[in-house]
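Reviewing the structure listed below.
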Amino acid sequence: MDQQQEQSYFAHPTAVIDEGCRIGEGTKIWHFTHIMSGCTIGRKCNFGQNVVISPDVVLGDNVKVQNNVSIYTGVTCDDDVFLGPSCVFTNVINPRSAVNRRDQYAKTHVGKGASIGANATIVCGHDIGQFAFIGAGAVVTKNVPDYALVVGNPARQTGWMSEFGQKLEFNAEGLATCPESGQQYRLEQGRVSRIS
C-alpha cells in the first residue's frame, strides 16, 4: 500500500518516512527511524529506534529490526528475518569518500527465518541462507548456507541451527531432532534440510 493511501501501519511521530514507500498492514515504526524512498516493507514488521532503511530496500513480512540497525540499498530480506541490535549491512566493497560508487552497490539477500545477532556486520555481496544464525558481533565475509550457525571475525561455521533457533546435533546417520519443536533434520553432503 502506498503511504498516500489510508495508513494501515503505525509510525511514531518522530519517524521519517519518505515518499514512494510501500509499507504493509500492521507494521510498527518506532522513534527516530528513517525509511527512505522506494522501500518495500511487508506486513507486521517491527522497527526499533534509530533504524535507517536506505532507498529501494525490500523486506518481507514479519521482519523484526531492532534498535540502531542500518540496512543499505541492495539488501533484501525474506519473511520472518530477525535483525539484532546495531547490526549493519554494507553495500560497497571498496568505499572511498572521494569516489562515487553508487552504480557499484553489491547485493545481499537474507533468507526466510534467518537471524542476525547484535553488532554483526554483513559485508555486501554475500547471501545469508534460510534459517541461518549469525552470532553476535560476527563479520560475515562469505555466503552462509541454510541452517548454518556462524560466529566470529571473520565468521566461521561452528554448527547447524533448527528453525526454532536450537543447535542441532546430528547422529552417525546424519539425522537430528530439534529439542524444542521435535522437528527432524537431515545433513547430507554439507547441506541441512528439514524432514517433512
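Every read-out reported here was derived from the displayed coordinates using simple, explicitly stated rules and does not represent laboratory data. This structure is a prediction, so every number in the text was calculated from the model and none was measured. Positions of Cβ are backbone-derived with ideal geometry, glycine not excepted, and every protein chain shown enters the neighbour counts.
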Give me the net charge of Gly111's neighbourhood, meaning all other residues with Cβ under 10 Å from the Cβ of Gly111; Lys, Arg count +1, Asp, Glu -1. -4
Could you tell me what percent of the DSSP beta bridges with both partners in the chain are antiparallel, to the nearest 5? 30 percent
Sequence-distant or interchain residues sharing an amide H contact under 5 Å with Lys107, placed H: which? Gly125
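Taking the Cα centre as origin and putting +1 on Lys and Arg beta-carbons and -1 on Asp and Glu beta-carbons, what dipole magnitude results for the chain, to the nearest 20 debye? All intermediate terms of the calculation are to be shown ahead of the outcome.
Numbers: 16 positive and 18 negative charges, 111 e Å.
That gives the chain a dipole magnitude of about 540 debye.
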Suppose each label sits 7 Å from its Cα in the direction of the beta carbon; what would the Asn46-Glu188 distance come out to in nanometres? 3.7 nm
Unit Cα scatterers, Debye sum, the chain: log10 I(q)/I(0) for q = 0.14, 0.17 Å⁻¹: -0.80, -1.07
Using alpha-carbon pairs under 8 Å, 6+ residues apart, how would you state the relative contact order of region 37-157 in percent? 17 percent
With charges set only on the Cβ (+1 for Lys and Arg, -1 for Asp and Glu), what does the dipole of region 25-109 come to about its Cα centre, in debye to the nearest 20? 280 debye
Overall dimensions of region 144-196 by Cα: Rg and Dmax, Å: 10.9, 35
Computed lengthening from Arg96 to Gln7, 0.36 nm per intervening residue step minus Cα-Cα distance: 28.1 nm
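So how do Ser37, Ser115 line up by other beta-carbon neighbours within 10 Å, fewest first?
In order of increasing Cβ crowding within 10 Å: Ser37, Ser115.
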Using the Cα centre of the chain as origin and beta-carbon charges of +1 (Lys, Arg) and -1 (Asp, Glu), tell me which of Trp160, Phe47, Gly26 is placed farthest towards the positive end of the dipole. Trp160
